[in-house]
1. Does any residue of segment 179-189 turn out to be over 24 Å from Ile25 (Cβ atoms) and touching a strand residue (DSSP E or B) at 6+ places or on another chain (Cβ under 8 Å)?
2. Run down Ile230, Ile192 and say which single residue is within 27 Å of the chain's Cα centre (by Cα) and either touching a residue at least 12 places away in the same chain (Cβ under 8 Å) or on the phi < 0 side of the Ramachandran plot (or both).
3. Starting from segment 132-144, take each residue that is assigned by TED's automatic domain parsing to the domain that holds Thr206 and list its partners that are surrounded by fewer than 21 Cβ atoms within 10 Å (Cβ to Cβ) and of a type in the set (Lys, Arg), counting only C-beta distances under 8 angstrom and pairs at least six apart or across chains.
4. Looking at segment 104-121, which of its residues are surrounded by fewer than 22 Cβ atoms within 10 Å (Cβ to Cβ) and touching a Gly at 6+ places or on another chain (Cβ under 9 Å)?
5. Return yes or no: is Val47 touching a residue at least 40 places away in the same chain (Cβ under 8 Å), at negative phi and crowded, with 21+ Cβ neighbours inside 10 Å?
6. Would you confirm whether any residue within segment 328-344 is touching a residue at least 40 places away in the same chain (Cβ under 8 Å) and over 30 Å from Val307 (Cβ atoms)?
7. For segment 137-159, what are the residues that are surrounded by 15 or more Cβ atoms within 10 Å (Cβ to Cβ) and either in contact with a helix residue (DSSP H, G or I) (Cβ under 7 Å, 6 or more places away or on another chain) or of a type in the set (D, E, K, R) (or both)?
8. Is there a residue in segment 375-390 that is in the same structural domain as Asp81 (by TED's automatic domain parsing), of a type in the set (Ser, Thr, Tyr), exposed (fewer than 13 other Cβ atoms within 10 Å of the Cβ) and modelled with pLDDT under 95?
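The values are calculated or read from the model by the stated rules, or taken from the named source; none is laboratory data. Since the model is a prediction, treat every value here as computed from it, not as a measurement. Cβ: placed from backbone, ideal geometry, glycine included. Neighbour counts: every protein chain shown.
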Amino acid sequence: MGERFEGMTGRVLDGVRVVDFGRYIAGPWCAALLGDFGAEVIRVEKVGGGEDRHICRISPEDGSGAMYLQVNRNKRCLTLDPTVPSGRRVQKRLLATADIVVANMPQRALKKLGLDYRSLQQVRPDVILVSNTCFGATGPYAGRLGFDGLAQAICGNMHLTGTPDEPMKSFAPWVDFGTASLCALGAVLALIARQKTGHGQEVQGTLLGTALTTASPLLIEQAVNAPNRIATGNRGQLNAPSDVFETRDGHIMILVTGAPMFERWAMLLGEPHWLEDERFRTDDSRGEHAEIFSARMADWCAARTTVQALAELEHARVPAGPVHTPQQALDDPQVARGGFMETVGYPGAPADPPMVTTPVRLSATPGGIRRRAPLLGEHNDEILAELGYSRSEITQLADEGAI
């Protein structure tokens, strides 16, 4: 794609260097968000390539996958083996130039690689370390490995998703992406603090903390009232109707909350008497009787196509939308023309992959995709030359397996 935005001025993180040792999503997406807003991001990857590079493969040329392309745009790539002495020296020289280091690794791995906060401070005293783990640095699970799905399971979310007989996790890794976003916020706050104090700090995120935050209303309710909720599939429990319904040619999701919206929905369905029913006075009480509304709405939807149902619901100002396949999501006119996606070329890909653009929009200092995700080791020579290595020294590093 090239340096499309190189002429832009005033990117809010211009001049900030991020060295990204992250893997999969929670680390790399944090660094990518910083890169979207102007930070210079260097991805440090295993010499043979990271395990996260090939998930959902789309490029026959180098095997890179869809997830890698999304969470590693706006980065350069340096391959490095810090277990080789010369590789550790390269790492130390690189870290001395870093404003922010991103590494979603357990504390033990950070120490082994010299990326724990104390070691980093010896290289650059005002450095900011952004780390995240599944369970955090304290508590009985602190040393355990974990991924998005484990956080979904432990926070109570899976128990209330699916059915009583089959707990269900989300296919999309919302915990990983949410943790990365919170870590990016923490990184920016740490930069602001450093401007005021001159000191760096460690920013720590956790997958479990993100998941618990998302599930917190239900956890608080359980602690205070102990309702012991069980899963009800797609049917909501806190308001109604809130459910997925089958139309003549597909499925739609609707969600009604608040008295004015419930009144509009009841009038649309020809059930004005429900407005006077004492059982349906509040969102909570309507949620307790949700099966009544879901049954009525199911009959209404079954007589209509998806387009017809959505048109009538929109006319009544009742929130509703189609349940899409991934292809239908790409083809949806709001997705296609709402500025959410941008095609970005990648070597070897049979078509230009569509990337989701920066998910938060700033009017004066917007983020943007300036470059595609890097090929493995694509910028080794460039980055090492910037660090002061000569051509012969770079060749020697390669011969030693350091890069």
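1. Step one: of segment 179-189, the residues over 24 Å from Ile25 (Cβ atoms) are none.
No, because not a single residue in segment 179-189 is over 24 Å from Ile25 (Cβ atoms) and touching a strand residue (DSSP E or B) at 6+ places or on another chain (Cβ under 8 Å).
2. Working: Ile230 fails: within 27 Å of the chain's Cα centre (by Cα).
Criteria check complete, one pass: Ile192.
3. What qualifies is Cys134/Arg144; Phe135/Arg144; Gly143/Arg108.
4. Hits for segment 104-121 are Met105, Pro106, Gln107, Arg108, Tyr117, Gln121.
5. On the way: touching a residue at least 40 places away in the same chain (Cβ under 8 Å): yes; at negative phi: yes; crowded, with 21+ Cβ neighbours inside 10 Å: no.
For Val47, the condition - touching a residue at least 40 places away in the same chain (Cβ under 8 Å), at negative phi and crowded, with 21+ Cβ neighbours inside 10 Å - is not met.
6. Yes, segment 328-344 contains a residue that is touching a residue at least 40 places away in the same chain (Cβ under 8 Å) and over 30 Å from Val307 (Cβ atoms).
7. Once the filter is applied, which keeps residues that are surrounded by 15 or more Cβ atoms within 10 Å (Cβ to Cβ) and either in contact with a helix residue (DSSP H, G or I) (Cβ under 7 Å, 6 or more places away or on another chain) or of a type in the set (D, E, K, R) (or both), segment 137-159 yields Gly146, Asp148, Ala151, Gln152, Ile154, Cys155, Gly156, Asn157, Met158.
8. Of all residues in segment 375-390, those in the same structural domain as Asp81 (by TED's automatic domain parsing) come to 375-390.
Checking the rest, the ones that are also of a type in the set (Ser, Thr, Tyr) come to 389-390.
After this cut, where a residue has to be exposed (fewer than 13 other Cβ atoms within 10 Å of the Cβ) as well, the list is 390.
Narrowing further to those that are modelled with pLDDT under 95: none.
No, there is no match, as no residue in segment 375-390 is in the same structural domain as Asp81 (by TED's automatic domain parsing), of a type in the set (Ser, Thr, Tyr), exposed (fewer than 13 other Cβ atoms within 10 Å of the Cβ) and modelled with pLDDT under 95.
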